[in-house]
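Just so you know, all these numbers are worked out from the coordinates, no wet-lab data involved. None of the values given here were measured: they were computed from a predicted structure. Glycine gets a Cβ as well: all are built from the backbone with ideal geometry, and neighbour counts include every protein chain shown.
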Amino acid sequence: MLRFAIAEDMDAERAQLSAFLKRYLEDHGLEGAILPFSSGEALLEGCPAEPDGIFLDIEMDGMNGMECARRIREFDREVTLIFVTNMVQFALEGYEVNAADFMVKPITYDSFALRMDRLMARLDRRRERFLTVRQGVQTLRINTGEIAYIESLNKKTILHKVSGETVTCAEALYTLEKTLEKGFFRCHNAFLVNLDRIEALGTGEVTIRGERIPISKYRKKEFLAALANHRGRML
């Protein structure tokens, strides 16, 4: 069963988001639990472990949505965050907490359903795609959603997993780049990154799992376009 949480301090807008989410689940034959909260503080106190998605109003009394997202990221780097706002300028701040999308008020059901389609595709990518690599005489099958980034270092190819575990494999970075076309991008000669795992975007680097990874100046424009396309920003 899917689990979604909503933090919105306006009663009518919280009810609307809950109704939209219920309608979407019913339309797609999905079972899900919807947990609405009237503040960021209430969400942090009552949110279930490992939810599939959290909708956060950015402008709330007390703790705002951005601060709530920062608190969430202290203990959960995985959950999908979607901000709800009437101020487009907050979008850039979302990279700091690896927000998956933004919904700009007023929200229509068609717009909501489009973003839910993307959220579900994101969840499916994490759950169902696997990469097969060779490690010595062993063959390993790794869920691509568990890969934070891949590094070429001293003639070795190292897979850095979200858990902190590393796997050294026989395949060249170029080969893995061709295999992992969707959801990954080679931002530097030595790095192939999972676009879903980017936590922050800087001038010449991205942050994944708290680690800074350089973006080649020759690949920056193409990388930014790939990231924007992957996340499907339509503000």
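For the chain, what does -39500 (n - 2.57) per DSSP helix run (n ≥ 4), summed and divided by total residues, give at 222 nm, in deg cm²/dmol to the nearest 500? Don't skip to the answer; put the middle values down first.
Working: 6 runs with 74 residues, N = 235.
Dividing the helical sum by the residues of the chain leaves -10000 deg cm²/dmol.
Can you check what the net charge comes to around Glu177, using other residues whose Cβ is under 14 Å from the Cβ of Glu177 (Lys, Arg +1; Asp, Glu -1)? Don't skip to the answer; put the middle values down first.
Values: positive: Lys178, Lys182, Arg186, Arg219; negative: Glu151, Glu171, Glu181, Glu222.
After counting each charged neighbour, the total is 0.
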For the chain, longest principal axis from Cα atoms; helix 65-75 axis from its Cα atoms; angle between them, nearest 10 degrees, is 50 degrees
With the 8 Å Cα cutoff and a minimum separation of six or more residues, segment 136-235 has a relative contact order in percent of 19 percent
Longest principal axis of the chain (C-alpha) makes with the long axis of helix 220-231 (C-alpha) an angle, in degrees to the nearest 10, of 50 degrees
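At most 12 other C-beta atoms within 10 Å and a DSSP loop state: those are the exposed GluC sites (Glu not before Pro) I care about. Give me the longest piece of the chain that has none. Kindly include the intermediate steps, with their values, before the conclusion.
On the way: sites that count: Glu31, Glu165, Glu181.
Longest run free of exposed loop sites: 32-164.
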Taking Rh as the Kirkwood radius computed over alpha-carbon pairs of the chain and applying Stokes-Einstein at 37 °C with viscosity 0.692 mPa s, one gets a diffusion coefficient in µm² s⁻¹ of 175 µm²/s
Dividing the mean separation of Cα pairs under 8 Å (6+ apart) by the residue count of segment 5-157 yields a relative contact order in percent of 16 percent
Stokes-Einstein D for segment 129-231 (25 °C, 0.890 mPa s, Kirkwood Rh from Cα pairs), in µm²/s, comes to 179 µm²/s
For the table Lys155/Lys220; Lys22/Lys182; Lys161/Lys182, the rows whose alpha-carbon distance is greater than 21 Å are Lys155/Lys220; Lys22/Lys182
